[in-house]
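The values are calculated or read from the model by the stated rules, or taken from the named source; none is laboratory data. All values reported here derive from a predicted model rather than from experimental measurement. Note that we place each Cβ from the backbone using ideal geometry, even for glycine, and neighbour counts take in every protein chain shown. Side chains included, ligands, DNA and RNA excluded: accessible areas come from the protein's heavy atoms. Shrake-Rupley method; radii C 1.70, N 1.55, O 1.52, S 1.80 Å.
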Amino acid sequence: MRVLAAMSGGVDSAVAAARAVEAGHEVVGVHLALSATPGTLRTGSRGCCSKEDAGDARRAADVLGIPFYVWDFADRFKEDVIDDFVAAYAAGETPNPCLRCNEKIKFSALADRAVALGFDAVATGHYARLEDGVLRRAVDADKDQSYVLAVLTAEQLSRAMFPVGDTPKPQIRAEAAERGLAVANKPDSHDICFIPSGDTRAFLGAKIGIRPGAIVDSDGHRLAEHDGVHGFTIGQRKGLGLPGPAADGRPRYVTDIDPESGTVRVGGADELNVWTVRAERAIWTSGAGPEGPIECIAQVRAHGGTAPAVAEAVGDGLVARLREPLTGVARGQAVVLYRTDALGDEVIGSGTITGADRDRSDLDAAGLVSDVGR
C-alpha cells in the first residue's frame, strides 16, 4: 500500500513509520505544522509542533530513507481544536483536545488530503490496535490511546494504521535505538500541546477574559467569587479559591457548573457519584449502533474512570446506565464504550457527554438486559 506516515517528531511515530517501511509499504513521512508561531525548542516534555520536533521527524525520515514533507495545518488546527477548546470551557464544559485533534485533523483533514493524493492509509504512533477493522485497546495498558481514537468512524478506521499498538513502550524505545533513531530516548509529550506553559487557566483567561461569578455550596450559600467558569471542572478539588474545607472538615469538590449564571457549585465527594451518563453525537465504530441495550464497560476519562454499564443508542446520542457509580463526569468529555472478548477490549462507540444523573437505576428490575451474555 501507499502509506502516509504522520511523524510528530517523537519516538512512537518514528517507529510506526519504520514498521510500515519494513512491512513493504511505500511510505512517505509528513509532519503537521499545527502552530502558527512554533517555538524553536520544546520545554522538556511540554508542548509539541516545535521547530525541534519538525527537525527530529525529518532526521528520522532520513534514517528510514523515505520522502518527507511538512504540511501546514495551523489554521485548521486553530479553528477545529483550539477555538473549540476555548468555547467549550467558556460554556462550562471540559473538552479533550487530543480527541478533537484526532477527529478533525489527523483522521479527517490529513486523511482526506492523503486519499486525494493517492495514499491508501495513514499510519500514526497511537497506542491502539486495529484488527479486521475493529479498534481495540493497546497491549500496553498504561499507554493505551483507544479512548481518544473512539471518535473515528468506520470509514476513517478503514484508512488508519497503528503499527505500535501491539508492543509495550519500553520495547518501542529499544527498537528505535536499534534502528539508529535519535528520538529513542526523547521524552513523551504531556499536557496540552498548544499550552506549553502547562497553565491552562491562564491560557483560557487570556482568551476569554474575566467573567465573574459565585462559588456556592450545596445549599446555595455564597462562599466566594471567581473570575470565570473556565477555571473549573467537575470533580476539581484544588485551586477553588476557598479559605478552607467545609464545616465538617471534609474537602470540597466542584459538583456543578452553570455557565449562564456563572455559578460554580461545590460539595462533598458523595455528591460526585453518578449512575447515568447521557451523550450526544454518538459514533459507532462498526458503522451502526446496537439494536437495543448492551452490556459494556463505560469510560469517561482518557485514563481511568471506568465502570460496567448497560448502554443503548438514543436518537443520535447514547445513554449509559452504570452498574457502579463514577465520579468526575464532566460535560464535554467523551464517554467511550468497550466490549471485552478473547482478543481484548474492543471499542464499540463513543459520545460527547451532555449530562449525568445521580439517581441509581435498577437495571435488572427494569429488564434492560438479560443475564445471558454478561
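Of all the options 355, 267, 24, the one that moves most in a Gaussian network model of the chain with Cα springs shorter than 10 angstrom is 24. Remark: spin-label model distance residue 286-residue 1 equals 2.2 nm, labels positioned 7 Å along the Cα→Cβ axis. For segment 274-372, the per residue solvent-accessible surface stands at 45 Å², with DNA, RNA and ligands left out and a 1.4 Å probe. Place a label point 7 angstrom from the Cα of residue 210 along the Cα-to-Cβ direction, then list the residues of segment 224-241 whose backbone nitrogen is under 14 Å away. Answer for segment 224-241: 225-229. If you average the alpha carbon positions of segment 192-226 and of segment 82-113, how far apart do those two centres end up, in angstrom? So the two Cα centres are separated by 21 Å. Here the Karplus relation 6.51 cos²θ - 1.76 cosθ + 1.60, evaluated at θ = phi - 60°, turns the backbone of segment 220-226 into coupling constants of x, 6, 6, 10, 6, 10, 9 Hz, with x for every Gly and Pro.
Using a cut-off of under 20 Å, list every residue of segment 72-103 whose amide N is near the label point 7 Å from the Cα of residue 260 along the Cα-to-beta-carbon line. Of the residues in segment 72-103, 87-94 have backbone N under 20 Å from the label point off residue 260. Put simply, the amide H of residue 215, placed in the peptide plane, has neighbours under 5 Å in 223, 224, 225, 226, 264, leaving out anything fewer than 5 places away on its chain.
Database remark: amide H of residue 150 closer than 5 angstrom to no amide H (H placed geometrically; neighbours at sequence offset of 5 or more, or on other chains; Pro and chain starts carry no H).
Oblate is the label for segment 73-160, because a/c, from the alpha-carbon gyration tensor with a ≥ b ≥ c as root eigenvalues, is 1.5 or above and a/b does not exceed b/c.
Stretching the chain fully between residue 59 and residue 361 yields a gain of 103.2 nm (0.36 nm per residue, less the alpha carbon separation). Cross-link partners of residue 51 among lysines, defined as those whose alpha carbon lies under 16 angstrom from its own and excluding same-chain residues fewer than eight positions apart: 186. For mean projected area of the Cα convex hull in nm², computed directly from the structure shown, the correct entry in (i) 19.9; (ii) 22.8; (iii) 20.8 is (i).
Computed 3J(HN,Hα) for segment 203-211, one whole-Hz value per residue from the Karplus formula 6.51 cos²θ - 1.76 cosθ + 1.60 where θ = phi - 60°, is 4, 5, x, 5, 7, 9, x, 8, 9, glycine and proline marked x.
Remark: the Cα gyration tensor places segment 196-337 in the prolate category, a/c being 1.5 or greater and a/b exceeding b/c. Here the 3J(HN,Hα) profile of segment 274-281, calculated from phi with Karplus coefficients 6.51, -1.76 and 1.60 at θ = phi - 60°, is 10, 10, 9, 10, 10, 9, 10, 6 Hz, Gly and Pro shown as x. Prolate is the label for segment 131-180, because a/c, from the alpha-carbon gyration tensor with a ≥ b ≥ c as root eigenvalues, is 1.5 or above and a/b exceeds b/c.
For segment 157-213, with all protein chains present and a 1.4 Å probe, just round the carbon and sulfur fraction of the accessible area to a whole percent. Carbon-and-sulfur percentage of accessible area, whole number: 54. Annotation for segment 168-186 versus segment 118-146: alpha-carbon center distance of 18 Å. The value of relative contact order for the chain, using C-alpha pairs under 8 Å at least six residues apart, is 16 percent. Amide H contacts under 5 Å for residue 256: 265, restricted to partners 5 or more places along the chain or on a different chain, H placed in the peptide plane at 1.01 Å from N.
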